[in-house]
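One structure is given below, encoded as structure tokens.
The values are calculated or read from the model by the stated rules, or taken from the named source; none is laboratory data. This one's a predicted model, so the numbers in the text were calculated from it and none came from an experiment. Here the Cβ positions follow ideal geometry from the backbone for every residue, glycine too, while neighbour counts run over all protein chains shown. Remember, those area values only see protein heavy atoms, side chains included, never the ligands or the DNA or RNA. Shrake-Rupley method; radii C 1.70, N 1.55, O 1.52, S 1.80 Å.
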Amino acid sequence: MRKEVIDGGQLISIMFWTIMGTAVLTLPVLIGRHAPRDAWIAAVIFIIGGLGLSLVIGALAKKFPEKDFVSCVENVFGIWIGKILIAIFFIWLLHTTSFVIWQISTFTKISLLPRTPLLIVVLIIIIPSVYAVHNGIESVARSGQFIFLITFGTLFVLFLMNMPEVNIENLQPVFDDGFNNIIRSSLAPLAWAGEIMFILFLVPNVKQQKKITQYSMITIILIGIGGIINEFFYTAVFGPLRQHLISPFYTLVRYISPSDFIGRYDVLFVSVNLAGNFVKLSVFMYILIFSFSKLFKKQNHRPFVLPVTIALIILTLISVEGSPQLTNFLDNVFPFYTLPILYGLPSVTLLVAKLRKLK
Amino acid sequence: MSKLFRNNKKKLKEIDESKNTNMFSKDFVENIDYIKNKLSKCCDVEYRPIKIINGLGINAYIFLINGMVDPTFVSENILKPLIKFEFEKDEVASIHEGVYNHLLTVGSVDIEKDLDSLVMKIISGGIGILIENESVAFSVEAIGWKERAVEETASETVIKGMKAGFVENIRTNTSLVRRMIKNPKLKIEKITKGRITNTEINIAYIEGVVLEDLLEEVRQRIERVDIDGIINLGMLQEMIDDSTFSLFSTSYTTERPDRACSCLLEGRVVVLMDNSPFVLIAPSVITQFIQSAEDYSTKYLTASFARILRVVALNINLLLPGLYVAIFSYHHEMIPNKLLKAVADAREKLPFPIFLEMFMLVFAFEILREAGVRLPRAVGQAVSIVGALVIGQAAVSAKLVSPPSIIVVALTAICSFTIPITEATNAYRLLTFIVLFAGGILGIPGIIAVSLIILVNISQLRSFGVPYLSPISPLSLSDWKDFIIRVPIQFMKKRPTQTAKSNKIRQRWWKGSDKK
């Protein structure tokens, strides 16, 4: 099989949406629960955490430029411990992907297709991604870049159209929420920033491996700036009210009304979000299926696409009970086991590799 | 299964028999009998014995195919000199050398050493000349069949710019290209394909600009073709294309020499085929969807505006019927109240749901379009009257369809004609239906899902190794100068990055460059 190659622009595009896809939907809610006034600080911590992880990713990629993360871990820890670690990661990813799908489909269902069964919406969401994953990472990357180019501006334009509603006083006084709350509010964003480590699975496919640190840093900064603007607007527009909103962005977009003629931009937002989440889901599923096939030492990932997809659909339908339960879970449980996996696994791998002086 | 396969192989052998070489035998009569035998039961073959070289009276024989050669040319330049002229026998080593040097007053004469290639030359419009006691024969090219003159293109018309289009004769076509690119680096290679038809295929490229890998890929793909006959270019296109399982085709055809030449200059390969007034361009990428030959003969601002129009029209063509159905059946809240009321009033007494109404209209339009292509010119008016009055006016007054739906279909139809490339138009014709179905069944999420599937399908395509989504992804900004916006020619200093990696610089001239 020909080796698939993706370039820096494509990597940044797909990683941007990989993190941004559900971050737009969920993070404002999670941050708002703890620090509604100083929400933007969580986005700054997001950048710091992401940049730190980027350094680890860059170092690992430099050490093992021809190895993806699975063979890298197996090389560093030995076959058996490595396989166990990857299996843990795989199970984490399977579970995470299932509620990523749930989030996207529920959001789509509520906003556009309220009377359609969830299974059908899940199928609408998952089929394009399955097709992209079946075609390989190049296809994911190219369509990801296409989507990035046409959607990147849209979100910011939607924000700027809200300028008349902004009230800066809602943000003051800074640090009013208390240090502990701010740190607590930044745990979920940090977990999202950890997803940048997916780059490690794509290292052999990247064209210029020396620049991987830069690529992941650019991605993190882009998302971070987007996040800061996001949180700034939510607080500035809604004030203390934002704590009670289920989907602040959606509500914010519904505020826009520049003319009497067209007053509903939420469909545009849902469409952009669907396209972005297609990229997110494709990357998640590609890594999922890729790590699964690597776990069993198979070079071709295609035979695993269908079984993993079916497992994912079933998991999606049974693993989440409802929106409040998911929000609670993402707030109180998810970061505490995700952070060790996403940050710990690459860091420990790097540490052990350095100690064992592996080349 | 294996039995079938063996049978196939046998059959192939029977036809390939003609490829064994048959050298001339010593016996003159035997040679003639061999050719006569090969060309037996062909009523259009003519042959006659002649005595050549005035005075010597050596026996000779000529073969030709009536209708494929120019009769005056044959009598003036071949028969007359052969029979009437003479030369000093001592000056030449052999008779055939003398004939070659002194008698045949024509440009393209080939010396044939085996009988089968001589037969091939005869049936492709040559004249075979056999001389007694000589081990070689001559074939003279004297093609003189009737053909269509070079005239204005039918499929890609422009207001400004070159009018001439390619014709069926491959030599006329190569001459049209050669006239524009007068450079020995313009290479035209010949490949003959089709076991029975022996169709000539030419690969044109500019040496030093084209990528060797690309050229080799095109060559190999054409060489791989093994079929009894290639009748039109579409068959060849489908056989060497990458995208068998996609609606989009990864190579385009054009009828315009100027377009072919500009593609050559960009480092692409142009494939010409005998009997085809279209030529094939490889590789092709998505930018060419919206590029028309006219863009380069109008001012860049106008051209850019036209291209933006085309992008909008392309999207309207693809999405509008689907969006219309989706919005009016699922997402009423998106529509401004007044518009919603207007459409609802128009649809108040209609019997059909909006999806069915739309489907019928789009389908009816497709039928009209298909009929419009096939119907004879004389009844064209009848069809347009039936189409416009019956389907349009009568359907509205009979309260079967609503005027807004007709507006949507008409706009979609007109937009589909703005696409300069027929391959793209055909792809979009089908995709419109798919989007319409998705919108009717699943609303806007369905349309987005279908668009994403189309996007993935395009993104995995490669045209002769070049990613189909090329200037968008992998992103190369210098190619965007000739994409949605066409910048002034002075600023387009580079060739497309994907097709001309080895020789990128296109122009050096710019203000002040003289001073260097």
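Within the stretch B:157-201, restricting attention to residues that are under 18 Å from the mean Cα position of the chain (by Cα) and of a type in the set (Lys, Arg), which residue is surrounded by the most Cβ atoms within 10 Å (Cβ to Cβ)? Looking at residues that are under 18 Å from the mean Cα position of the chain (by Cα) and of a type in the set (Lys, Arg), I get B:Lys193. Scanning the stretch A:133-164 for residues that are over 18 Å from the mean Cα position of the chain (by Cα) and either polar (S, T, N, Q) or within 18 Å of A:Tyr250 (Cβ to Cβ) (or both) yields a count of 10. Of all residue pairs spaced 6 or more apart or on separate chains, those with beta-carbon atoms under 7 Å, a first member in the stretch B:325-348 that is within 9 Å of chain A (Cβ to nearest Cβ) and a second member that is among the aromatic types (Phe, Trp, Tyr) and not in a helix (DSSP H, G or I) are B:Pro336/A:Phe261. Among the residues of the stretch A:134-177, how many are in contact with a helix residue (DSSP H, G or I) (Cβ under 8 Å, 6 or more places away or on another chain), open to solvent by 40 Å² or more (accessible area, probe 1.4 Å), assigned to a helix (DSSP H, G or I) and closer than 19 Å to A:Gln243 by Cα? Residues that pass the stated criteria total 2. Of all residues in the stretch B:244-292, those that are farther than 30 Å from B:Ile434 by Cα, outside any loop (DSSP other than H, G, I, E, B) and not β-branched (Val, Ile, Thr) total 11.
Taking the criterion of being among the hydroxyl-bearing types (Ser, Thr, Tyr) and either away from chain A (no Cβ under 13 Å) or open to solvent by 30 Å² or more (accessible area, probe 1.4 Å) (or both), the residues of the stretch B:450-480 that qualify are B:Ser451, B:Ser463, B:Ser478.
The residue list B:Ile447, B:Ile441, B:Ile419 contains one member that is within 14 Å of chain A (Cβ to nearest Cβ), in contact with a helix residue (DSSP H, G or I) (Cβ under 6 Å, 6 or more places away or on another chain) and either surrounded by 17 or more Cβ atoms within 10 Å (Cβ to Cβ) or at pLDDT 90 or above (or both), which is B:Ile447.
Given the criteria within 14 Å of chain A (Cβ to nearest Cβ), β-branched (Val, Ile, Thr) and in contact with a Gly (Cβ under 8 Å, 6 or more places away or on another chain), does B:Ile484 qualify? The answer is no for B:Ile484. Yes or no: B:Ala306 within 19 Å of B:Ile406 (Cβ to Cβ) and either among the hydrophobic types (A, V, I, L, M, F, W, C) or under 30 Å from the mean Cα position of the chain (by Cα) (or both)? Here the answer is no, as B:Ala306 does not meet what is asked.
When the criteria are applied in full, A:Gly153 meets the requirement of being out of contact with any strand residue (DSSP E or B) (no Cβ under 9 Å at 6 or more places or on another chain) and within 29 Å of B:His331 (Cβ to Cβ). Criterion applied to A:Phe238, A:Phe304, A:Phe201, A:Phe249 was being in contact (Cβ under 8 Å) with a residue 24 or more places away in the chain, crowded, with 17+ Cβ neighbours inside 10 Å and either farther than 27 Å from A:Asp177 by Cα or within 14 Å of chain B (Cβ to nearest Cβ) (or both), and the one residue passing it is A:Phe201. Restricting B:Val362, B:Val386, B:Val390, B:Val343 to residues that are of a type in the set (Val, Ile, Thr) and within 30 Å of B:Val158 (Cβ to Cβ) narrows the list to B:Val362. Checking each residue in the stretch A:50-93 for being without any contact (Cβ under 8 Å) to a residue 24 or more places away in the chain and touching a helix residue (DSSP H, G or I) at 6+ places or on another chain (Cβ under 7 Å) picks out A:Glu74, A:Gly82.
Residues are listed down the side, and each one gets a yes or a no for (1) under 28 Å from B:Arg195 (Cα atoms); (2) at pLDDT 90 or above:
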position	(1), (2)
B:Arg224	yes, yes
B:Phe248	no, no
B:Val271	yes, yes
B:Pro283	yes, no
B:Ile290	no, no
B:Asp295	no, no
B:Val311	no, yes
B:Ile316	no, yes
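Taken over the stretch B:88-105, the criterion of being open to solvent by less than 50 Å² (accessible area, probe 1.4 Å), among the small types (Gly, Ala, Ser) and over 16 Å from B:Ser139 (Cα atoms) is satisfied by B:Ser94 alone.
Comparison of A:Lys280, A:Lys298 shows that the only residue that is outside any helix (DSSP H, G or I) and basic (Lys, Arg) is A:Lys298. Flag not set for B:Val119, criterion: open to solvent by less than 30 Å² (accessible area, probe 1.4 Å) and in a loop (DSSP other than H, G, I, E, B). For the condition of a type in the set (A, V, I, L, M) and surrounded by fewer than 19 Cβ atoms within 10 Å (Cβ to Cβ), A:Leu330 does not qualify. A search for C-beta distances below 8 Å between a residue of the stretch A:114-125 that is in a loop (DSSP other than H, G, I, E, B) and any residue that is among the charged types (D, E, K, R) and open to solvent by less than 60 Å² (accessible area, probe 1.4 Å), counting only pairs 6+ apart in sequence or on different chains, returns A:Thr116/A:Lys109.
The criterion of at least 3 residues that are under 20 Å from A:Glu195 (Cα atoms) and within 14 Å of chain B (Cβ to nearest Cβ) is met by the following helices (runs of 4 or more DSSP H) wholly inside the stretch A:1-87: A:8-34.
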